[in-house]
Protein chains: 2
Amino acid sequence: MIRGTEARLDKNPIVLLELVERLGNLMRTELRRAGADESLQPVHLQALIYLSKANRYSNTPQALAEYLGLTKGTVSQTLLLLDRRGLIERFEDDIDRRVVRLRLSPAGERLLYEAQPTLAWQNATRNISPNRIRNAVSALREALTTLQEDNEGAPFGVCHNCSWCQKLSQRIYRCGRMGDRLSGPETRKICRIFEAKKTEEAA
Amino acid sequence: MIRGTEARLDKNPIVLLELVERLGNLMRTELRRAGADESLQPVHLQALIYLSKANRYSNTPQALAEYLGLTKGTVSQTLLLLDRRGLIERFEDDIDRRVVRLRLSPAGERLLYEAQPTLAWQNATRNISPNRIRNAVSALREALTTLQEDNEGAPFGVCHNCSWCQKLSQRIYRCGRMGDRLSGPETRKICRIFEAKKTEEAA
DNA sequence: CAACTCCGTATCGACCCGATACTAATGCGC
DNA sequence: GCGCATTAGTATCGGGTCGATACGGAGTTG
């Protein structure tokens, strides 16, 4: 038996990891259940969920592959299936004709809306005080950021917390990195080229 | 586009869910990387990790299936592979000869020790204060418990927090459910028939 | 135009996973 | 003791995921 006595004091991070993994497994099982009616695998629902939240810089196969941590070849097949089922739409980019833009089809949005894959989670967290949830969010976000830096992966945050995001007026924003103007709703979507704005510590 | 304006105020739980899923994906990718040298899939490492932590009531294929949220048939194959690789040992139960007991072989323990699948996580959480981690653990544990109740799955906690656990002396404990005496180290393993002891709220 | 890079697709093989059917051991009623 | 239901685990099959590799087309640089 391999011992680990020196880890006695700081084993709480490991407990947290176990919780995250276990919750991840459960949510995966939940996704499996939610997709069973339509014979969709967990990864398909994850892709649909991602596409429902990706902004204009992040709705490509490449971005999805980075997000899911899979290869572009694998993701290509996933998208092929979703396309055959009519759950997504693919169209060429106007400027760079190599890239494919993706979005949910009406059928895809309806599926996501009806499957309600987050329902079980919402029930499970109903009795946890908003404050504790905010603290947990803050801690996990920090872990996520560090983990992504170490992995050199894209961060995938929302514009609202991005250092490139400029507020032009009440409702108009601007991405300083890409130079585009963004609507209010779009600043709440997730972006592939996100860069964290300082470190926003817990209140 | 399907709207969700009424969810404006309580969307933090959803953010937390996204974080958990994203971290889950990353850890899954991490497991894939960690197992690549030995051509092991994420699920294989998860099984090994589980077996390294399961107590005497929980080291069976059935318990592992419940833990991973997979069917017993699927888990049976996984165990077959791990057995062929010499990473686990299987032996019959003395009393009920239907059940198979599992434990890591020395090679399995060495693999787990050398793969260090939790290393990236430990780095990522290094700069988060213990207090914030404790709070996050508390919140996630509560979500996990509720989620498991709703799914009617086994809770899988450690004896130390179990309502059946009795302290006989300084080092000897006893499981009131099964009637066995447990050593100190064994009370820190995870158990399939765990029942939460009250609700231990955050400090 | 050539060389190079980049995005996406196609194909192949290993493997995951659930469904189903099966064996063997146990427990229950008699 | 003898049927019968239940339980733990296995075997097999088919659909699907996934990475590796190779490929083709678009963009970039010279």
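For B:A154, the criteria (1) surrounded by 13 or more Cβ atoms within 10 Å (Cβ to Cβ); (2) without any contact (Cβ under 8 Å) to a residue 40 or more places away in the chain; (3) part of a loop (DSSP other than H, G, I, E, B) hold in every case but one, which is (2).
If you scan the stretch B:92-103, which residues turn out to be more than 14 Å from DNA strand C (Cβ to nearest atom) and away from every other protein chain (no Cβ under 14 Å)? Full working, then the answer.
Within the stretch B:92-103, the first condition is being more than 14 Å from DNA strand C (Cβ to nearest atom), and the residues that meet it are B:102-103.
Selection gives B:L102 alone.
Selection of the stretch B:77-117 for residues being touching a helix residue (DSSP H, G or I) at 6+ places or on another chain (Cβ under 6 Å) and surrounded by fewer than 13 Cβ atoms within 10 Å (Cβ to Cβ) yields only B:G86.
Could you please let me know if A:I128 is out of contact with any strand residue (DSSP E or B) (no Cβ under 6 Å at 6 or more places or on another chain), within 7 Å of chain B (Cβ to nearest Cβ) and not in a helix (DSSP H, G or I)? Here the answer is yes, as A:I128 does meet what is asked.
Inspection of the stretch A:165-182 finds no residue satisfying the criterion of being assigned to a helix (DSSP H, G or I) and under 29 Å from A:Q62 (Cβ atoms). Exactly one residue out of A:R188, A:R141 is at pLDDT 85 or above and surrounded by fewer than 20 Cβ atoms within 10 Å (Cβ to Cβ), and it is A:R188.
Scan the stretch B:104-116 for residues that are within 16 Å of DNA strand C (Cβ to nearest atom) and either closer than 21 Å to A:E149 by Cα or free of Cβ contacts under 8 Å to residues at least 24 places away in the same chain (or both) and report the count.
We begin by selecting, within the stretch B:104-116, every residue within 16 Å of DNA strand C (Cβ to nearest atom); these are B:108, B:111, B:115.
Next cut, either closer than 21 Å to A:E149 by Cα or free of Cβ contacts under 8 Å to residues at least 24 places away in the same chain (or both) only: B:115.
So the count comes out to 1.
Considering only helices (runs of 4 or more DSSP H) fully contained in the stretch A:40-87, which possess at least 1 residues that are within 14 Å of another protein chain (Cβ to nearest Cβ), near DNA strand D (Cβ under 9 Å from one of its atoms) and touching a strand residue (DSSP E or B) at 6+ places or on another chain (Cβ under 9 Å)? Break it down stepwise before answering.
Working: elements: A:42-53, A:61-68, A:72-84.
Answer list for the stretch A:40-87: A:42-53.
Taking the criterion of being farther than 14 Å from B:L40 by Cβ and either more than 16 Å from DNA strand D (Cβ to nearest atom) or over 20 Å from the mean Cα position of the chain (by Cα) (or both), the residues of the stretch B:91-115 that qualify are B:F91, B:E92, B:D93, B:D94, B:I95, B:D96, B:R97, B:R98, B:V99, B:P106, B:E109, B:Y113.
Only one entry in A:G157, A:G176, A:G86 is under 19 Å from the mean Cα position of the chain (by Cα) and small (G, A, S), namely A:G157.
The values are calculated or read from the model by the stated rules, or taken from the named source; none is laboratory data. Please read these numbers as outputs of a predicted model, since none were measured by experiment. In this analysis, Cβ positions are derived from the backbone assuming ideal geometry, glycine residues included, and neighbour counts consider all displayed protein chains.
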